[in-house]
Amino acid sequence: MEKQRPAWSAPIAVEDIPDTGLHIEIEAPVETRAELAAVAGLRSLPRLTAAFDLVKNGAQVDVKGTLSATIGQTCVVTLDPIENEIEEAIDVSFAPAGSRGTERRKAVVESPEPLVNGSIDLGALASEFLMLGIDPYPRKAGVQFAAPKTDDDSSHPFAALEALKKRSTSKQS
């Protein structure tokens, strides 16, 4: 089975990261944004950028940064088109496959992500954080969903049980 290529790919070889670290900013091209919008079920993706700081820590590479995007969605209440902003913090460590993370955070040992072919794909990483940042039920500002009110008492969820209870009570009398 052939591995599917990521919609956004911006690989950086670990050997190209200086010992002093590396700051890199990437911006998704129009075609990539269109492909990611389709995959994510968005109306549009007019802006998608990410900034990363990569620091070597022995065999491990720590990647910290921020994803920033403007996404076009549809309000789940009014069905109006809306735009939302996404700002996601990124903090991920990578290490050669088979190595174990030794850093302790919140008393839990975290395993780093595996390096693939000695590189880190910053575009794929940014795409993952974009998907995590999307609100699955977007609403227009100030809009709340309210169930329609009815005057008919038989429409509430337990109306059938109440009718059975009344029938049962009247037979016992």
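The values are calculated or read from the model by the stated rules, or taken from the named source; none is laboratory data. None of these values were measured; they are calculated from a predicted model. Note that we place each Cβ from the backbone using ideal geometry, even for glycine, and neighbour counts take in every protein chain shown.
Of the residues examined, S127 is not one that is assigned to a helix (DSSP H, G or I), at negative phi and at pLDDT below 75. The residue that is farthest from P114 (Cα to Cα), counting only those in segment 42-74 that are modelled with pLDDT of 95 or more and not in a strand (DSSP E or B), is R43.
Under the condition of being surrounded by fewer than 18 Cβ atoms within 10 Å (Cβ to Cβ) and either under 17 Å from I26 (Cα atoms) or among the small types (G, A, S) (or both), the residues counted in segment 69-85 number 2. For first residues located in segment 28-54 and farther than 27 Å from I17 by Cβ, partners that are in a helix (DSSP H, G or I) and lie 6+ apart or on another chain with Cβ distances below 7 Å form the pairs A40/M131; S44/A37; L45/R33; L45/L36; L45/A37.
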